[in-house]
C-alpha cells in the first residue's frame, strides 16, 4: 500500500459551462494505492476550487469542495470483459477520467449564489437583490400605442398640428 498526498494542476474540462475547476488551478489529492490480484486499487479524495456564476443574477461564485473516488486499474496483461476498464499503462495511472466521473455529475447544473436569489429583472436587467421593490407598471398591449399621445390638449408639449385642432 502506498499513500500519496500531492497538489497537481487541474486538467482541462473539469466542470460545466457555468461552473468548473479552472484548468491549471491547484488540485489537492490524497491517494491510497493498493496492489490487488487484478491490478491497482486507487482510493482518494480530491480538494477542488470551483468558479462560476449564478444562473439567476450572474454574480461570480467561488467555493472549495472535496470529492471521494475509488477505481480499480487493471494490469495491461489482465484480461477483462469490460472494454472501458481502466488500465495501468507503463506503470502509470491516468486519474483524469476518474476525477471527471467523480466531480462533474455532482456539480449543480444551475448554480446559485444563494437559494433565494431573485435574479435579474426580465424587462430591464436590474439586479433584484439590490432593488427588492423594483417593478414596472404593466401596460395593456391593447393600449400601448396610446402611451405616445399627450394626455390633454392643455399639455404644452403638444405638437403644433394637435394644438390647432383643439
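When only alpha-carbon atoms are used, what values of Rg and Dmax, in angstrom, describe the range 42-134?
So, for the range 42-134, Rg and Dmax equal 20.7, 68 Å respectively.
Could you list the residues of the range 31-56 with an amide nitrogen less than 17 Å from a label point located 7 Å from the Cα of residue 2 in the Cα-to-C-beta direction?
Inside the label zone: 31-45.
Restricted to Cα positions, what overall size does the range 9-67 have along the principal axes? Three whole-Å values, descending.
Cα spread of the range 9-67 along its principal axes, largest to smallest: 52, 19, 16 Å.
Taking the Cα-to-Cβ direction at residue 130 and at residue 32 and moving 7 Å from each Cα, how far apart do the two end points lie in nm?
Between residue 130 and residue 32, the simple spin-label model gives 5.0 nm.
If we sort 116-122, 96-102 on the protection proxy, mean other Cβ atoms within 10 Å, highest first, what's the order?
96-102, 116-122
Quickly work out the residue 142-to-residue 112 label distance, labels modelled 7 Å from Cα along the C-beta direction, and quote it in nm with one decimal.
If labels sit at residue 112 and residue 142, their model points lie 3.7 nm apart.
I need the calculated FRET efficiency for the pair residue 13 and residue 91, taking r as the beta carbon distance and R₀ as 25 Å, to the nearest 0.05.
Between residue 13 and residue 91 the formula returns 0.45.
Summarise the long-distance tail of P(r) for the chain by giving the % of C-alpha pairs beyond 26 Å. Walk me through the intermediate numbers first.
Numbers: 7689 of 13695 pairs.
In whole percent, the long-distance tail amounts to 56.
By how many nm would the segment from residue 51 to residue 68 lengthen if fully extended, with 0.36 nm per residue of separation less the alpha-carbon distance?
Here the answer is 4.2 nm.
As a check on your grasp of the helix formula, calculate [θ] at 222 nm for the chain: sum -39500 (n - 2.57) over DSSP H runs of n ≥ 4, divide by the residue count, round to the nearest 500.
Values: 2 runs with 14 residues, N = 166.
Computed ellipticity for the chain at 222 nm equals -2000 deg cm²/dmol.
Averaging sequence separations of C-alpha pairs under 8 Å and six or more residues apart, then dividing by the length of the chain, give the relative contact order as a whole percent. Provide the component values of the computation, followed by the final result.
Working: 255 pairs, mean separation 28.3, N = 166.
The normalised contact order for the chain reaches 17 percent.
FYI, it's all coordinate maths here, none of it is from the lab. All values reported here derive from a predicted model rather than from experimental measurement. Ideal geometry is used to build each Cβ from the backbone, glycine not excepted, and the neighbour counts take in all protein chains shown.
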